[in-house]
Amino acid sequence: MLNKKRLIILPFIIVSSLTIMGCARKSHQSLSSPDNNINIDFSLREGIPHYSISYNQRIIIKPSSLGFQLAKSEHLHKDFKIIRTERKSVDEIWNPVWGKKSEVKNNYNQLIIELEEKNDPYRRLSLIFRAYDDGAAFRFSFPEQKHLSDFAIASEDTHFNFSENYTCYALQLGKYTTSYEKEFDQISLQDINQTAVIGLPLLLKTPHCWMGITEAGLTNYAGMYLSGADDDSTYLISKLSPLPGEEAVKVRASAPHDTPWRAILLGAQPGDLMGSNLIINLNDPNEFEDVSWIKPGLVLWPWWNGRLPYGEPHTAQMKYYIEFASKHGIPYLLVDAGWYSLERDAWREPDKENILTMEETRKDYYDIREVIDYAKEKNVGVHLWVHGASLKRQIDEALPVYAQWGAVGIKVDSYGRDDQEWVNFVHEIAKKASKYRLMVNYHGAYKPTGIRRTYPNIMTREGILGLEHSKWSKKPTSQHNVTIPFTRMLAGPMDYTPGAFDLDGTEKSPKYVQGTRAHQLAMYVVYFSPLQMIPDYPEAYENSPEEFSFIKSIPTVWDDTIVINGVPGDFISMARRRGEDWYLGIMTDENPRRLEIPLSFLNSGKKYVAQIYADALDDEENPERVIVSEAIVISSTVLKAEMKGGGGFTARLSPADKENIKRLLDFAAQQ
């Protein structure tokens, strides 16, 4: 899978380009998706650019204005005329280095509209629209020009004038500098006021379809949020994260310069959005020649469980976890905060910490080089935690040293920022880490925007209220757990860190995990992350070998992904394939639920052995108990998944051989 050539252009690809000069004065342009179900209309209204979007001939976004407010109160949004248009169609298949599918279809129609002010200083601005079968997107481009070379953006005035008061699932952050670690609230558009700061993605339910709004290709720009507008209660407007210390300035740029894509995912059902590859299709292709060192896999993560049995992190403790990882074939260990200084100091004074030289009082206590050397002997790769602010100061010194030590990746943590300065630093990390063959896990993070296509060593990121919150609260709830696949996961991989087995923890390290162990197992199928964590302590897994065997066998990247059914906040059922094996993951909210799951995605004519992990329905008092069973299934089989409140249901479906079938038949005859 990890080969050099990632792009395959099939014989049926069609790429055409047409420049329309005779229609330059026409103030209305239209663009349809390849299947004609999605339509984008562009118009100039009194010189102001507007767009609208229709789905199946129903208007879902009414004419909405576009433009910019530049520094010094300069407007760049009116008195425009069209001077040129260009159209193009693309239909191709490409192979990601890793992903939720091994082949990605990139099929769209594109329209570029070049605008120029009617009056002096005759500044120019281009709009690029793309229509896909699963959504629409647009971005702005500032071409090189005499009267707009270096400029500062005070606001990007991208409006979303929705046709009705849609129901939405909103991440109400309230501020820009944040790590996106909140719940998605089910509210209406009218509940979003002018002071709101809504993080992306935003999921909306319309009478005609489901819609997800986010951004793609965030490069050298500020992250986008949404808030209400003062003229219409169903009208949202973009907000950009300000530069540090410059509230009035969001972006400093030099022409030519492109904004990120404003992406609108569309589908008849909410699961249709989860299957979309629109976000990565809107990013530039892989920049790396050699990707052989980028290896997804499971990661042992001792931080969550309190680093049992030792507590305070040190060399002997990490060796203990390395031995466990090696014994069970887990490829990676994450050495979290505490190795180059006390964890509290790493967070309190990141600008002062030296991430290369351990403190004098700790060097005999925690020898990271000894840890990495021991891990190499045991064939376990080590990922190192580092605070982002510390790394920013020492990145050129630290990365080559980490590689020299033998680390295979870094986990970059921070308090959460997506201003232009920090976005540029995230890209810098990706490029410089690749030079030293280091994979990256980004925590304290903003949402993904698909740059993993361009820099496939950006493996996963947090930007989510995940399992770590159960260390100090009764969050995340089971309802949250079945909301985030439809919301946060639209943007890309999420390091939720599933896999709690001891749900209330130990006296030494208590937890408040909601739901059942079967619920946690299903997360390994439902939640997509190429570096998937194993967070509990070794004895918790070894005391439950059957359930742990499922985790050890689970792939972290996939050849195919199918969303079977689901409702945000209620339940989710999906199937993923790796090779010939299918994995089924089903989760419910706090309510018990019984679902019928058709297995029509299996190859017809083949028999499969289903290894099933389900809630123990006869034991309401024990959420950790899982019933493991096996059955022979075919494509016409309908599995009945019955779950406790906060429960789950998981199955591995492998092609059956004669020996497996005979074993199961003999077992059934004995019952």
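Any residue in the stretch 339-351 that is touching a strand residue (DSSP E or B) at 6+ places or on another chain (Cβ under 8 Å), in contact (Cβ under 8 Å) with a residue 12 or more places away in the chain and under 27 Å from Thr556 (Cβ atoms)? Yes, the conditions are met somewhere in the stretch 339-351.
Scan the stretch 161-174 for residues that are free of Cβ contacts under 8 Å to residues at least 60 places away in the same chain and outside any loop (DSSP other than H, G, I, E, B) and the total you get is 4.
Is it true that Ala407 is within 31 Å of the chain's Cα centre (by Cα), assigned to a loop (DSSP other than H, G, I, E, B) and at pLDDT 95 or above? For Ala407, the condition - within 31 Å of the chain's Cα centre (by Cα), assigned to a loop (DSSP other than H, G, I, E, B) and at pLDDT 95 or above - is met.
For beta carbons closer than 6 Å, sequence separation of 6+ or different chains, a first residue in the stretch 212-228 that is over 28 Å from Ala268 (Cβ atoms) and in a strand (DSSP E or B) and a second that is open to solvent by 10 Å² or more (accessible area, probe 1.4 Å) and of a type in the set (Lys, Arg), the qualifying pairs are Ser227/Lys239.
Being outside any loop (DSSP other than H, G, I, E, B), open to solvent by 50 Å² or more (accessible area, probe 1.4 Å) and not hydrophobic (A, V, I, L, M, F, W, C) holds for only one residue in Glu287, Glu312, Glu323, and it is Glu323. Of all residues in the stretch 625-653, those satisfying the criterion of being crowded, with 18+ Cβ neighbours inside 10 Å, touching a strand residue (DSSP E or B) at 6+ places or on another chain (Cβ under 6 Å) and in contact (Cβ under 8 Å) with a residue 60 or more places away in the chain are Val626, Ala641, Met643, Lys644, Gly647, Gly648, Phe649, Thr650, Ala651, Arg652, Leu653.
Determine, yes or no, whether Pro207 is out of contact with any strand residue (DSSP E or B) (no Cβ under 9 Å at 6 or more places or on another chain) and in contact (Cβ under 8 Å) with a residue 12 or more places away in the chain. Spell out the reasoning first.
On the way: out of contact with any strand residue (DSSP E or B) (no Cβ under 9 Å at 6 or more places or on another chain): no; in contact (Cβ under 8 Å) with a residue 12 or more places away in the chain: yes.
Here the answer is no, as Pro207 does not meet what is asked.
State yes or no: is Pro49 open to solvent by less than 50 Å² (accessible area, probe 1.4 Å) and either over 25 Å from Pro285 (Cα atoms) or in a strand (DSSP E or B) (or both)? Spelling it out, Pro49 is indeed open to solvent by less than 50 Å² (accessible area, probe 1.4 Å) and either over 25 Å from Pro285 (Cα atoms) or in a strand (DSSP E or B) (or both).
Yes or no: Gly466 in contact with a helix residue (DSSP H, G or I) (Cβ under 8 Å, 6 or more places away or on another chain) and either touching a residue at least 40 places away in the same chain (Cβ under 8 Å) or open to solvent by 10 Å² or more (accessible area, probe 1.4 Å) (or both)? Explain how you work it out, then say what you get.
Numbers: in contact with a helix residue (DSSP H, G or I) (Cβ under 8 Å, 6 or more places away or on another chain): no; either touching a residue at least 40 places away in the same chain (Cβ under 8 Å) or open to solvent by 10 Å² or more (accessible area, probe 1.4 Å) (or both): yes.
For Gly466, the condition - in contact with a helix residue (DSSP H, G or I) (Cβ under 8 Å, 6 or more places away or on another chain) and either touching a residue at least 40 places away in the same chain (Cβ under 8 Å) or open to solvent by 10 Å² or more (accessible area, probe 1.4 Å) (or both) - is not met.
Take the residues in the stretch 233-262 that are exposed (fewer than 15 other Cβ atoms within 10 Å of the Cβ) and in contact (Cβ under 8 Å) with a residue 40 or more places away in the chain; name whichever of them is nearest to Phe68 (Cα to Cα). Looking at residues that are exposed (fewer than 15 other Cβ atoms within 10 Å of the Cβ) and in contact (Cβ under 8 Å) with a residue 40 or more places away in the chain, I get Ala248. Considering the stretch 175-190, and only residues there that are within 24 Å of Ser470 (Cβ to Cβ) and outside any loop (DSSP other than H, G, I, E, B), the residue that is least open to solvent (accessible area, probe 1.4 Å) turns out to be Phe184. For Asp120, the conditions (1) under 24 Å from Ile451 (Cβ atoms); (2) open to solvent by 20 Å² or more (accessible area, probe 1.4 Å) all hold with the exception of (1).
Residues in the stretch 362-391 that are at pLDDT below 95, part of a helix (DSSP H, G or I) and surrounded by fewer than 19 Cβ atoms within 10 Å (Cβ to Cβ): Arg369, Glu370.
Within the stretch 534-548, does at least one residue satisfy the condition of being within 26 Å of the chain's Cα centre (by Cα), on the phi > 0 side of the Ramachandran plot and in contact (Cβ under 8 Å) with a residue 24 or more places away in the chain? Write out each step before concluding.
Restricting attention to the stretch 534-548, the residues satisfying the condition of being within 26 Å of the chain's Cα centre (by Cα) are 534-536, 548.
Adding the requirement that they be on the phi > 0 side of the Ramachandran plot leaves none.
No: zero hits.
Note on the stretch 612-624: residues that are open to solvent by 40 Å² or more (accessible area, probe 1.4 Å) and closer than 25 Å to Ala575 by Cβ total 2.
Filtered by the rule that a residue be of a type in the set (A, V, I, L, M) and under 20 Å from Leu243 (Cα atoms), the stretch 195-215 gives Ala196, Val197, Ile198, Leu200. Scoring Thr195 on the criteria (1) out of contact with any strand residue (DSSP E or B) (no Cβ under 6 Å at 6 or more places or on another chain); (2) modelled with pLDDT of 95 or more; (3) polar (S, T, N, Q) leaves a single failure, condition (2). Of all residues in the stretch 371-392, those that are free of Cβ contacts under 8 Å to residues at least 40 places away in the same chain and basic (Lys, Arg) have Cβ atoms under 8 Å from Cβ atoms of residues that are open to solvent by 10 Å² or more (accessible area, probe 1.4 Å) and in a loop (DSSP other than H, G, I, E, B), 6 or more apart or on another chain, in Lys376/Gly406. Test Ile93 against the criterion of being buried (at least 19 other Cβ atoms within 10 Å of the Cβ) and either assigned to a loop (DSSP other than H, G, I, E, B) or of a type in the set (A, V, I, L, M, F, W, C) (or both), and give yes or no. No; evaluated as a whole, the condition is false for this residue. Residues of the stretch 148-162 that are open to solvent by 30 Å² or more (accessible area, probe 1.4 Å), under 23 Å from Ile61 (Cβ atoms) and out of contact with any His (no Cβ under 9 Å at 6 or more places or on another chain): Ser155 alone.
The values are calculated or read from the model by the stated rules, or taken from the named source; none is laboratory data. Model, not experiment: these values are computed from the prediction. We place every Cβ from the backbone using ideal geometry, glycine too, and count neighbours over all the protein chains shown. Remember, those area values only see protein heavy atoms, side chains included, never the ligands or the DNA or RNA. Shrake-Rupley method; radii C 1.70, N 1.55, O 1.52, S 1.80 Å.
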